[in-house]
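Chemist: Dumping the structure here so I can ask a few things about it.
The values are calculated or read from the model by the stated rules, or taken from the named source; none is laboratory data. Since the structure is predicted, the reported quantities are computational estimates derived from the model, not experimental observations. Methodologically, a virtual Cβ is constructed for each residue, glycine included, from the backbone with ideal geometry; neighbour enumeration extends over all protein chains shown. Protein only, heavy atoms only, side chains kept; ligands, DNA and RNA dropped before computing areas. Shrake-Rupley method; radii C 1.70, N 1.55, O 1.52, S 1.80 Å.
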Amino acid sequence: MAEYICFFNKDTLIVKPPKKSPMFLRMIALLLAMVCGVLICSIRLKQISTSSKINFRNIQVIQIPDIDYGIKQIEIPHDNGTEQSEIPPVNYPRPQTFSRAECAHNPVQFFAIISMQRSGSGWFETLLNSHSNVSSNGEIFSVFDRRKNISSIINTLDKVYNLDWFTSASKNECSAAVGLKWMLNQGLMEYHEQILEYFNRRGVSAIFLFRRNLLRRLVSVLANSYDRHAKLLNGTHKAHVHSHTEAETLSSYKPVINSTSLISDLKEVEVTANRTLKYFNSTRHIILYYEDLVMNRTKLNDVLDFLRLPQMELRSRQVKIHTGSLSEHIKNWDDINRTLNGTVYESFLRDYKR
């Protein structure tokens, strides 16, 4: 401790306190500074904490609404329980043989009608071609050279989907949907793996068209095969007719059906159709049945939606050849009736009358 300094005078004793040390003052100043610093930090931390709580309390999860980019998802239920809910690809073909001019920026849907002979595909295709924006180019692969190998098939498909294939059905530069009709026995099944890859790569949608009543289809197949040689219409063969008179002439022939192999023949057609659906299941596709289209023409609206085309009335000049009951078109009807009665194909004997 600092010592007190005493001064003695004659009558008085004066005591003076010692001068404060500079070190002591510095310690006090430092202590005060530390206290102030702690107080300031404490206040600042409280402000930050309060601000953070407010910010977290005000945060909300905002759901961004779906944006309509003009691409419509289509859900088309079918009687067999399948549904298609897929976005069709957008294609902008660049033909080498002409210019699309002002239509160059209009997208084009690629499609293929996959079917069997005498399943209504010709009639169905004429309906599609009655639409002002559809170009379906017929049974292109009926010519063997176009399907003799996979290279020929791919080259042919490229011409079709590049709009460089010209037929009477071509709408050229302003086509909104372009395709063809393809039978199962025209290279489609033989090269199904490569064709599937092509369809998925180019964005080709498959339209499967089959018949429910395979017995009625068999009658049509046999009658058409007979007329190829008999040429009942004034010495000419016609697979499709446009008058009721011609239809009556062709339906006058009643084929004899082999009742012994009938059930196995019908089963083989069923297996082939199911195998086709299995092969091309990964494509964007729709499954149609001829009978459904005949009985309910509004089914065609589903097809136009599937192809993303504007709705319009579709017409065909073709006339159905075999109308009425099947008993009127099969020569050995009694044998066929006995063969199919009690089997899974019994319903084929009594179908619609149109």
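Chemist: Of all residues in the stretch 294-312, count the ones that are open to solvent by less than 30 Å² (accessible area, probe 1.4 Å) and under 26 Å from S347 (Cβ atoms).
Modeler: Residues in the stretch 294-312 being open to solvent by less than 30 Å² (accessible area, probe 1.4 Å) and under 26 Å from S347 (Cβ atoms): 3 in total.
Chemist: For the stretch 280-293, enumerate the residues that are under 17 Å from R211 (Cβ atoms), open to solvent by 20 Å² or more (accessible area, probe 1.4 Å) and outside any helix (DSSP H, G or I).
Modeler: Across the stretch 280-293, the qualifying residue is only Y289.
Chemist: If we scan the stretch 180-190, do we find a residue that is outside any loop (DSSP other than H, G, I, E, B), among the basic types (K, R), within 27 Å of D292 (Cα to Cα) and out of contact with any strand residue (DSSP E or B) (no Cβ under 9 Å at 6 or more places or on another chain)?
Modeler: no
Chemist: Determine if the stretch 115-124 includes at least one residue that is out of contact with any Lys or Arg (no Cβ under 8 Å at 6 or more places or on another chain) and assigned to a loop (DSSP other than H, G, I, E, B).
Modeler: yes
Chemist: Given the condition over 23 Å from the mean Cα position of the chain (by Cα) and closer than 30 Å to S327 by Cβ, answer yes or no: does some residue in the stretch 134-148 qualify?
Modeler: Within the stretch 134-148, none of the residues are over 23 Å from the mean Cα position of the chain (by Cα) and closer than 30 Å to S327 by Cβ.
Chemist: Out of R338, R315, which single residue is in contact with a helix residue (DSSP H, G or I) (Cβ under 8 Å, 6 or more places away or on another chain) and either open to solvent by 80 Å² or more (accessible area, probe 1.4 Å) or of a type in the set (D, E) (or both)?
Modeler: Result of the check over R338, R315: R315.
Chemist: Just the residues that are touching a Leu at 6+ places or on another chain (Cβ under 7 Å) and either of a type in the set (D, E) or crowded, with 20+ Cβ neighbours inside 10 Å (or both), please, taken from the stretch 169-204.
Modeler: Those that are touching a Leu at 6+ places or on another chain (Cβ under 7 Å) and either of a type in the set (D, E) or crowded, with 20+ Cβ neighbours inside 10 Å (or both): S175, A177, V178, W182, I195.
Chemist: Here's a follow-up. Tell me, which residue of the stretch 324-335 that is part of a helix (DSSP H, G or I) and more than 15 Å from S220 (Cβ to Cβ) is most open to solvent (accessible area, probe 1.4 Å)?
Modeler: Only one residue fits best here, namely D334.
Chemist: Report whether or not S264 is open to solvent by 40 Å² or more (accessible area, probe 1.4 Å), within 30 Å of E190 (Cβ to Cβ), under 19 Å from the mean Cα position of the chain (by Cα) and not aromatic (F, W, Y).
Modeler: No.
Chemist: Against the definition (aliphatic (A, V, I, L, M), open to solvent by less than 10 Å² (accessible area, probe 1.4 Å) and under 14 Å from N162 (Cβ atoms)), how does V134 come out, yes or no?
Modeler: no
Chemist: Among residues belonging to the stretch 214-255 that are closer than 29 Å to M189 by Cβ, in contact (Cβ under 8 Å) with a residue 24 or more places away in the chain and in a loop (DSSP other than H, G, I, E, B), point out the one that is least open to solvent (accessible area, probe 1.4 Å).
Modeler: Looking at residues that are closer than 29 Å to M189 by Cβ, in contact (Cβ under 8 Å) with a residue 24 or more places away in the chain and in a loop (DSSP other than H, G, I, E, B), I get P255.
Chemist: Of the residues that sit in the stretch 101-130 and are among the polar types (S, T, N, Q) and touching a residue at least 60 places away in the same chain (Cβ under 8 Å), which one is surrounded by the fewest Cβ atoms within 10 Å (Cβ to Cβ)?
Modeler: N106
Chemist: Based on what the data block shows, is L277 assigned to a helix (DSSP H, G or I), out of contact with any strand residue (DSSP E or B) (no Cβ under 9 Å at 6 or more places or on another chain), touching a residue at least 12 places away in the same chain (Cβ under 8 Å) and not polar (S, T, N, Q)?
Modeler: On the way: assigned to a helix (DSSP H, G or I): yes; out of contact with any strand residue (DSSP E or B) (no Cβ under 9 Å at 6 or more places or on another chain): no; touching a residue at least 12 places away in the same chain (Cβ under 8 Å): yes; not polar (S, T, N, Q): yes.
Criteria not met by L277.
Chemist: Moving on to the next point. Assuming L163 fulfils every condition listed in (1) touching a Pro at 6+ places or on another chain (Cβ under 8 Å); (2) buried (at least 18 other Cβ atoms within 10 Å of the Cβ); (3) assigned to a helix (DSSP H, G or I) apart from one, which condition is it?
Modeler: Tallying (1) touching a Pro at 6+ places or on another chain (Cβ under 8 Å); (2) buried (at least 18 other Cβ atoms within 10 Å of the Cβ); (3) assigned to a helix (DSSP H, G or I), L163 fails exactly one: (3).
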